[in-house]
Amino acid sequence: MNNSLKIQKIMAEYSDRTGLATDSHAAKRYLWTDAFAVCNFLELFQQTGEEQYKQKAFALVDQVHAVLGRHRDDDSRTGWISGLAEEKGKLHPTVGGLRIGKKFNERQSGEPYNERLEWDQDGQYFHYLTKWMHALNRVAVVSGNLQYNRWAMELARTAHAGFTYEVPASQSKKMYWKMSIDLSRPLVSSMGQHDALDGLITYLQLMATAVDDPEMAAELNLGREISETMKICEDMNWFTDDPLGIGGLLTDAFKVTQLIVHSNVQFTDLLSTLLHSAQTGVETFSLTDTLNYPAQYRLAFRELGLAIGLQTVEKMTQLIQQHPEHFPEQQSLLSQLTDFSPHLSLIKKIETFWLTARNQQSSTWTEHIDINSVMLATNLGPDGYLLLR
């Protein structure tokens, strides 16, 4: 079975499981997973030319907004989490942000913090919101309907305002990691290591698309948000030995490469820094024996995040070689990319392991089947997720 057929099978099963393909049971939406799924449907549309896959991307966006843009069924509050009236909320479904989609309701005000329980409680994550902004942007670019990018920009402004805060007695800002459903209070006050980086690059991505949108309102301009996230990013250390985090750094690096080429963004220093951090991270990760563990001791979606990220190395190399005029330090960047060569075999190693039926019977696969399977599909056909145009 070729990769396209594998992706089609995975996405059909995902659609059935999560209530996208049928009305026989309630929709089960989860923002991170659904962001990758939207991009997978766009990839299938571009691979096959079949309109049904573009329509599935549209339908999933609508369902995410209708479910995660509203209060939970077990919440005393009803309607759009933005507080907008019904019809206006439909026109601006992201302006209040979007829930994560966790199993349990958020921790209530005054309720003691429980680290273990918090992982299963709802709220809003900034790094999930940036994933959804990216998915909306991809729909806009592939379909030509720039309303999706405007929704992404409304979400960007809301998320940035909700998650950033002034540090007392300083001129600097930081970001909360997790906020309440209505963005009125932090649920986890620490800052995600790569949240500001994801925000900066995603804001630039949205603005690059908005250049061609005659209907973009002036108030959606993300100049202030870009400036503030650049400030937060100063002197940050991006190093991580977490495979999902390393993959995210490489994905961000590829976005930066594309923005440099297509939007004349002057970020070659940032690109070099991201490559250095990712390369150090993958070297450290490779010293562990993790990828030789049995399936029950591994998390597929984290490993697949690394595999997806590693697929950007060849793409960045080609783009930099094709556009030397944008990269004054071309040879240095190409040398950095060459340093990833010993690790590119991990792409197929991870993919083959998680395509094996026996490994998909493990509890770590079945308990996270939606996110695992959707990210496996992304690894099999990454362009719908990785490309900006």
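Quick note: the coordinates plus some simple rules give every number you see, no bench work behind them. Computed from a prediction, not measured in an experiment: that's the story for all the values here. Glycine also receives a Cβ, built like all others from the backbone with ideal geometry; neighbour counts cover every protein chain displayed.
Quick notes on this structure:
- Each Lys and Arg contributes +1 and each Asp and Glu -1, all at the Cβ; summed about the Cα centre of the stretch 265-389, the dipole is approximately 360 debye.
- Computed about the Cα centre, the dipole magnitude for the stretch 1-150 is approximately 280 debye when only Lys and Arg (+1) and Asp and Glu (-1) carry charge, each at its Cβ.
- The trypsin sites (Lys or Arg not before Pro) of the stretch 1-52 include none that DSSP puts in a loop with a beta carbon having at most 13 other beta carbons within 10 Å.
- Along the chain, the longest continuous region that contains none of the GluC sites (Glu not before Pro) in a DSSP loop with at most 16 other C-beta atoms within 10 Å is 51-214.
- Ascending count of other beta-carbon atoms within 10 Å, so fewest first, for MET153, MET1, MET230: MET1, MET230, MET153
- Restriction of the trypsin sites (Lys or Arg not before Pro) in the stretch 73-103 to DSSP coil positions whose beta-carbon has at most 12 other beta-carbons within 10 angstrom yields ARG77, LYS103.
- Structure-based [θ]222 nm, the chain - -39500 (n - 2.57) summed over DSSP H runs of at least 4, per residue, nearest 500: -18000 deg cm²/dmol
- Top positive-direction residue, dipole computed over the stretch 10-160 with Cβ charges, set GLN52, THR130, PRO112: THR130
- Counting only Cα atoms, the chain measures 56, 52, 46 Å along its principal axes, largest extent leading.
- Per-peptide average of other Cβ atoms within 10 Å, ordering 135-143, 61-69 highest first: 135-143, 61-69
- Each Cα pair under 8 Å and six or more residues apart adds its separation to the average, and for the chain the resulting relative contact order is 17 percent.
- For the chain, the residue among LEU5, ILE347, LEU299 whose Cα projects farthest onto the positive side of the dipole built from Cβ charges is LEU5.
- Counting only residues at least eight positions apart within a chain, or on another chain, the lysines with an alpha carbon under 17 Å from that of LYS28 are LYS56, LYS102, LYS103.
- Sorted fewest first by neighbouring Cβ atoms within 10 angstrom, THR284, THR338, THR312 come out as THR338, THR284, THR312.
- Kyte-Doolittle at least 0.0, axis length at least 20 Å by Cα - qualifying DSSP helices, the chain: 31-48, 126-143, 195-210, 243-263, 268-286
- Proximal charge balance of VAL64 [Cβ under 12 Å; K/R count +1, D/E count -1]: +3
- Student exercise, the chain dipole from Lys, Arg, Asp, Glu Cβ charges, in Debye to nearest 20: 560
- Neighbour net charge for HIS368 - beta-carbon separation under 15 angstrom, K R +1, D E -1: 0
- For ASN114, the shell of other residues with beta-carbons less than 11 Å away shows a net charge of -2, using +1 for Lys and Arg and -1 for Asp and Glu.
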